[in-house]
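Written out below as structure tokens is the structure these notes cover.
The values are calculated or read from the model by the stated rules, or taken from the named source; none is laboratory data. Predicted model, so just to flag it, every value in this text is computed and none were measured. Positions of Cβ are backbone-derived with ideal geometry, glycine not excepted, and every protein chain shown enters the neighbour counts.
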Amino acid sequence: MNRVDQYLAHKLEQRKLEGNLRKLTTHKEAVDLFSNDYLGIATSGLLNSTHDRGITGNSQYSGSTGSRLLSGNSSAAEALEKEIARFHHGRAALLFNSGYDANAGLLSSIPSRNTTILSDELCHASIIDGIRLSQCSRKYKFDHNDLSDLEEKLKKFANTGPTLVIAESVYSMDGDMAPLCEMTTLCETYNAQLIIDEAHATGVFGKHGEGLVSALGLQSKVFARVHTFGKALGCHGAAVVGGELLKQYLINFARSFIYTTALPGHTLHNIHNAYQHLAAGTFTNEPLHKLITHFRQCVKASGNNDWKDSLSPIQALVMGNNDKATQTAAALQHAGLQVKPILSPAVPHGMERLRVCLHTFNTKEQIDLLFKTLTAAIHI
């Protein structure tokens, strides 16, 4: 092997020895307790069966043919952005090809060398990478959901230039929520701008799934929100929701927007149909929250204190090491329950876990089976 191949083989062997080598797998027919399809839209066929052609994009093309700044823009994309902004009670929205692209483009382009960035220590990898790509030299993390630590850092950098505070409304590994009301108050007090990733709140929180920011009536106090479509909305893509000035800035400076092929017409159509579904008078996410309540009752009854405290569809059971997480997940999968282990380095050493995702199509009986199987597996 050449020297590059030797290095690659060495790194892979290290992962294997540590018990955290990632592999792609296909999945047998089983109870879905691992996907982000919280509302069941992706697997219901709802988007495919919708015949509304209000938004089709360039329907004669299978692709969009170029970036939005070249041949890829359309009246459909612009109409969809207006629809998304209205739905989330924002002034403007800009489409991106994924949540990763949205965070990378937003957070790499907004900060200057004089900006201070304060981000929650558990923010998603796309947020971390976006910050790394920025010109900012003052990049600091605050302890997870710790308002005292955040305020201490806000005080320290209050007079040093623009400050951005970055958090997620619902965290993807723990399933807990940011104290958004208190965070907006702190940002107002210290003249900082708040950016919130709503990936796991979109569709789940708010009467029509507008997200946690809108559900709390805080949209006017948040500088930018990232809403992704690949989770509860059952399709693909993302949007940054904020002011018109922010939108025009991103069109000019966000590299992940400028230098990529635009979303094709059929994807715009699916996103539009997903939002129409959420906006309909018949929509409700109440069954999902009732299932979450049942799950938390099962957690309490189990007496297992290793479950993370969460009122979202994401429930995490900390196992403490890769081997235990992997073996317990295998026992669940053997019982017909699709649950995946989350291993280090995706989470810190000692925080390896099972990550359970709840959906509107899951049943109480499936949750009861999960806890029965867990009890047996953990005490073997």
For Asn191, state whether it is more than 30 Å from Asn97 (Cα to Cα) and not β-branched (Val, Ile, Thr).
yes
I'd like to know if region 192-204 contains one or more residues that are in contact with a Ser or Thr (Cβ under 9 Å, 6 or more places away or on another chain), at positive phi and outside the structural domain of Asp32 (by TED's automatic domain parsing).
no
Counting only residues in region 1-37 that are among the small types (Gly, Ala, Ser) and touching a residue at least 12 places away in the same chain (Cβ under 8 Å), the one farthest from Ala232 (Cα to Cα) is identified as Gly19
Meets criteria (on the phi < 0 side of the Ramachandran plot, in contact with a strand residue (DSSP E or B) (Cβ under 8 Å, 6 or more places away or on another chain) and among the charged types (D, E, K, R)) for Asp323
no
Condition check for Leu343: touching a residue at least 24 places away in the same chain (Cβ under 8 Å), crowded, with 20+ Cβ neighbours inside 10 Å and outside the structural domain of Tyr171 (by TED's automatic domain parsing):
yes
Considering every residue within region 95-106, establish whether at least one is assigned to a helix (DSSP H, G or I), closer than 21 Å to Tyr259 by Cα, among the hydrophobic types (A, V, I, L, M, F, W, C) and more than 20 Å from the chain's Cα centre (by Cα).
no
In this structure, is Leu80 within 17 Å of the chain's Cα centre (by Cα), within 17 Å of Ala238 (Cα to Cα) and touching a residue at least 12 places away in the same chain (Cβ under 8 Å)?
no
Which of the residues that make up region 174-191 are within 17 Å of the chain's Cα centre (by Cα) and at positive phi?
Gly175
Within region 32-46, restricting attention to residues that are assigned to a helix (DSSP H, G or I) and buried (at least 20 other Cβ atoms within 10 Å of the Cβ), which residue is modelled with the highest pLDDT?
Ile41
Apart from one, (1) touching a Phe, Trp or Tyr at 6+ places or on another chain (Cβ under 9 Å); (2) loosely packed, with under 15 Cβ neighbours inside 10 Å; (3) among the small types (Gly, Ala, Ser) all hold for Gly105; the odd one out is (2)
Hey, any hits in region 139-151 for a residue that's surrounded by fewer than 19 Cβ atoms within 10 Å (Cβ to Cβ) and in contact (Cβ under 8 Å) with a residue 40 or more places away in the chain?
no
Every residue from region 11-26 that is on the phi < 0 side of the Ramachandran plot and surrounded by 11 or more Cβ atoms within 10 Å (Cβ to Cβ)
Leu12, Glu13, Gln14, Arg15, Glu18, Asn20, Leu21
Spot the failing condition for Ile55; the list is (1) surrounded by fewer than 19 Cβ atoms within 10 Å (Cβ to Cβ); (2) modelled with pLDDT under 95, and only one is missed.
(1)
Going by the structure shown, is Ala158 modelled with pLDDT under 95 and not polar (S, T, N, Q)?
yes
Of everything in region 108-129, what is in a helix (DSSP H, G or I) and out of contact with any strand residue (DSSP E or B) (no Cβ under 9 Å at 6 or more places or on another chain)? Give them in sequence order.
Ser108, Ser109, Ala125, Asp129
Considering only region 174-197, I want to know if a residue exists there that is touching a strand residue (DSSP E or B) at 6+ places or on another chain (Cβ under 6 Å), free of Cβ contacts under 8 Å to residues at least 40 places away in the same chain and under 30 Å from Leu47 (Cβ atoms).
yes
Among residues belonging to region 361-380 that are polar (S, T, N, Q) and in a loop (DSSP other than H, G, I, E, B), point out the one that is nearest to the chain's Cα centre (by Cα).
Asn362
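A quick yes/no check of all residues on (1) under 27 Å from Thr363 (Cβ atoms); (2) of a type in the set (A, V, I, L, M):
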| position | (1), (2) |
| --- | --- |
| Ile195 | no, yes |
| Ala201 | yes, yes |
| Ile251 | no, yes |
| Leu278 | yes, yes |
| Phe283 | yes, no |
| His294 | yes, no |
May I ask you to verify whether Arg355 is closer than 30 Å to Lys11 by Cβ and of a type in the set (D, E, K, R)?
yes
Options His349, His359; residue that is modelled with pLDDT of 95 or more and either touching a strand residue (DSSP E or B) at 6+ places or on another chain (Cβ under 6 Å) or of a type outside the set (D, E, K, R) (or both):
His359
